Amino acid sequence: MKINLTHPNPALISIIKEPEQIITLDANFLIPPDRRPITKRGISFEQFREIWLDPIFSVFPNLAIHESVYDELVGISPQNYVDSKRDSIPPEIIIHKDSSLTEVEKILRDTIETRIALHTKYEPLLDNKDDRGEVKSLSYIAVKGLLYFAANDNNAIQLIEKSEEWSTGLDNVQAIKMYELIYYLYKNNLADKTAVKMLYKYQYYLTNREKSTNPCWGDFSSSMDNLYDPYFK
């Protein structure tokens, strides 16, 4: 994924000011990245939990996932993590369920889902697994008037940022990128700074191509400071 540092993201500014807003997560926010065989190093779930999951859940009290994303986690460590958050009292994660939609909302959801699916590998009639989580998540939050979808998938982000051009029906949804929240954690001393830098490099600055298009950590953090420093004060 290419890092965009040309202008501040209004969604990030908004959650800096009001972190209690509902933020719906894509599956890739919950599953450790695995870039082997590009590199011999992997990131275990326990490392990912310590570096990433625990910090973001500690600072954002209303994180959410759609039930279709939960289904993608069956049989892997993130499911146990989500279960513990769901079952805590009070719950520490919101599960969006299609059963909560009214009949009118279901009709609107189906329309938006069809529009989104045209730009993905998901086929609503087949209900296949490819891109299902992001399509279901985005159509749900659009219908419910929820604002923020956090993702590390370029296509999911484009569905939002090109909503007018592609007629996806996501005009009121805003994307939050993983690298923006990595910076948020670093800036607020919410996670181990060395580990956060490692996560950034692993995700965005690993291959020769990424090094030619994305900034190194020092340039990234200073550019983000230029964009967002006023909002942290």
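The values are calculated or read from the model by the stated rules, or taken from the named source; none is laboratory data. Since the structure is predicted, the reported quantities are computational estimates derived from the model, not experimental observations. All Cβ positions, glycine included, derive from the backbone under ideal geometry; neighbour counts span all protein chains shown. Side chains included, ligands, DNA and RNA excluded: accessible areas come from the protein's heavy atoms. Shrake-Rupley method; radii C 1.70, N 1.55, O 1.52, S 1.80 Å.
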Legend entry - segment 1-45, residues that are part of a loop (DSSP other than H, G, I, E, B), open to solvent by less than 80 Å² (accessible area, probe 1.4 Å) and hydrophobic (A, V, I, L, M, F, W, C): M1, I3, L5, I22, L30, I31, I43
Inset, instruction - Consider only pairs whose beta carbons are under 6 Å apart and that are at least six residues apart or on different chains; among these, list those whose first residue lies in segment 52-65 and is under 22 Å from K144 (Cα atoms) and part of a helix (DSSP H, G or I) and whose second residue is open to solvent by 10 Å² or more (accessible area, probe 1.4 Å) and not hydroxyl-bearing (S, T, Y). - result: none
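For segment 141-156, state whether one or more residues are among the aromatic types (F, W, Y), touching a residue at least 24 places away in the same chain (Cβ under 8 Å) and either within 17 Å of H7 (Cβ to Cβ) or not in a helix (DSSP H, G or I) (or both).
yes
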Inset, instruction - State whether the residues of segment 189-211 include one that is under 13 Å from the mean Cα position of the chain (by Cα) and either modelled with pLDDT of 95 or more or surrounded by fewer than 16 Cβ atoms within 10 Å (Cβ to Cβ) (or both). - result: no
Inset, instruction - Show the residue pairs that are 6+ apart or on different chains and have beta-carbon atoms under 8 Å apart, the first residue being within segment 111-136 and among the aromatic types (F, W, Y), the second being open to solvent by less than 60 Å² (accessible area, probe 1.4 Å) and outside any helix (DSSP H, G or I). - result: Y122/N128; Y122/D131
Inset, instruction - Inspect all residues belonging to segment 153-175 and state whether any of them is among the aromatic types (F, W, Y) and within 23 Å of N62 (Cα to Cα). - result: no
Legend entry - Residue check, L73 at pLDDT 95 or above and on the phi < 0 side of the Ramachandran plot: no
Inset, instruction - Could you look through segment 70-79, keep only residues that are under 22 Å from Y202 (Cβ atoms) and part of a helix (DSSP H, G or I), and pick out the one that is most open to solvent (accessible area, probe 1.4 Å)? - result: E72
Inset, instruction - Name every residue in segment 87-108 that is assigned to a loop (DSSP other than H, G, I, E, B) and either open to solvent by less than 60 Å² (accessible area, probe 1.4 Å) or under 17 Å from I22 (Cα atoms) (or both), in order of residue number. - result: S88, P90, P91, E92, I93, K97, L101
Inset, instruction - Would you check if I56 is modelled with pLDDT of 95 or more and out of contact with any helix residue (DSSP H, G or I) (no Cβ under 8 Å at 6 or more places or on another chain)? - result: no
Legend entry - Members of segment 150-188 that are open to solvent by less than 30 Å² (accessible area, probe 1.4 Å), of a type in the set (S, T, Y) and under 20 Å from F232 (Cα atoms): Y179, Y183, Y184
Legend entry - Pair list, Cβ under 6 Å, 6 or more apart: segment 86-102 residue modelled with pLDDT of 95 or more, other residue surrounded by 14 or more Cβ atoms within 10 Å (Cβ to Cβ) and assigned to a loop (DSSP other than H, G, I, E, B): R86/I93
Legend entry - Candidate set from segment 46-68 (those that are of a type in the set (G, A, S) and surrounded by 15 or more Cβ atoms within 10 Å (Cβ to Cβ)); member that is nearest to the chain's Cα centre (by Cα): A64
Inset, instruction - Please indicate, with yes or no, whether at least one residue in segment 121-142 is under 21 Å from I13 (Cβ atoms) and over 17 Å from the mean Cα position of the chain (by Cα). - result: no
Inset, instruction - Give the residues of segment 109-124 that are open to solvent by less than 100 Å² (accessible area, probe 1.4 Å) and part of a helix (DSSP H, G or I), sorted by residue number. - result: R109, D110, T111, I112, E113, T114, I116, A117
